[in-house]
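Peer 1: Before anything else, here's the structure in question.
Nothing in this text is a laboratory measurement; each read-out follows from the coordinates by a stated rule. Please read these numbers as outputs of a predicted model, since none were measured by experiment. Note that we place each Cβ from the backbone using ideal geometry, even for glycine, and neighbour counts take in every protein chain shown.
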Amino acid sequence: MDRQMLLLLIGLCAFRSVLAQNDLQIMIDNIDVKVNEDYVGTCNIDPCENSDMVPMLTVDCDFVKEIPEDAILHSVLYGMINGEPTDPTGVDMQMNTCQMINDTMIMGPIIKAMGISAACPIQPVKMSLNCYAVQMDEFPDYFPSGEYNFNIVLDYEDVNIITLDVFMTFY
């Protein structure tokens, strides 16, 4: 029985390595942006073309109203099948404005790259980045290849401040 269990475990590990790979490469295909005009005057976020398979963004957003400390950023990664989102992948993050500023994975480095004050709450500010390479250091090395939608929503009470749907392909 022990030998069968060992063979089963070896088989599962081999199957996992077929489905997932090391050295994750991500291409941002498209970004849909929806804003509440009371908080955000204009906002354009676009992927940058590059051959290195590194996710890169150009950001040009004008936040015209303070983002309250109690605003909540909720990010969920969905798989995509035939252009439709599937169940969440398990990547599900939720943080308030102050946590977002101090985040080390995605949002914090982007905020720092824009030179925005680390003070909380976030004051009205024009955010600009030109082809910023999203840091991948803390992203999992193993992730199944395929198409994904990273849904990012910043809400305050019943107000949706900004929603991003980032459509990506993982290789």
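Peer 1: Enumerate the calculated ³J(HN,Hα) couplings along segment 86-98 in order (Karplus 6.51 cos²θ - 1.76 cosθ + 1.60, θ = phi - 60°), each rounded to whole Hz, writing x wherever the residue is Gly or Pro.
Peer 2: 9, 4, x, 7, x, 7, 8, 10, 9, 8, 7, 4, 5
Peer 1: Using each residue's phi in segment 69-82, evaluate 6.51 cos²θ - 1.76 cosθ + 1.60 at θ = phi - 60° and report the 3J(HN,Hα) Karplus result to the nearest Hz, with x for Gly and Pro.
Peer 2: 4, 7, 5, 10, 9, 10, 10, 9, 9, 10, x, 10, 10, 6
Peer 1: While we're looking at this one, here's another question. Taking the Cβ of MET56 as the center, what net charge do the other residues with Cβ under 11 Å away carry, scoring Lys and Arg +1 and Asp and Glu -1? Write out the running numbers ahead of the final one.
Peer 2: Values: positive: none; negative: ASP46, GLU49, ASP52.
Within the 11 Å Cβ shell, the charges total -3.
Peer 1: Give the cross-link partners of LYS112 among the lysines, using a straight C-alpha distance below 19 Å as the criterion and excluding same-chain residues fewer than 8 apart.
Peer 2: LYS126
Peer 1: Considering amide H positions built from the backbone, and no H for Pro or chain starts, which residues 5 or more places from THR86, or on another chain, come under 5 Å of its amide H?
Peer 2: Those lying under 5 Å, H to H, from THR86 are GLY79, MET80, ILE81.
Peer 1: Give or take rounding to whole Å, what are the principal axis extents of the alpha carbon atoms in segment 53-171, in descending order?
Peer 2: 39, 31, 22
Peer 1: Okay, next question. List the GluC sites (Glu not before Pro) in segment 74-171 that DSSP assigns to loop (not H, G, I, E or B) and whose Cβ has at most 11 other Cβ atoms within 10 Å. Which are they? Kindly include the intermediate steps, with their values, before the conclusion.
Peer 2: On the way: sites: GLU138, GLU147, GLU157; in loops: GLU138, GLU157.
Filter output for segment 74-171: GLU138, GLU157.
Peer 1: For segment 164-171, in order, what is each residue's ³J(HN,Hα) by Karplus, 6.51 cos²θ - 1.76 cosθ + 1.60 with θ = phi - 60°, in whole Hz (x at glycine and Pro)?
Peer 2: 10, 10, 9, 8, 9, 10, 9, 10
Peer 1: So, one more: So who's got an amide H within less than 5 Å of the one on THR42, skipping anything under 5 residues away but keeping other chains? H placed 1.01 Å off N, in plane.
Peer 2: The list, which skips near neighbours in sequence, is ASP62.
Peer 1: Next up: Non-local amide H neighbours of GLN25 (under 5 Å, H modeled in plane, Pro and chain starts lacking H): which ones?
Peer 2: Under 5 Å from the amide H of GLN25 lie the amide H atoms of TYR171, each far enough along the sequence or on another chain.
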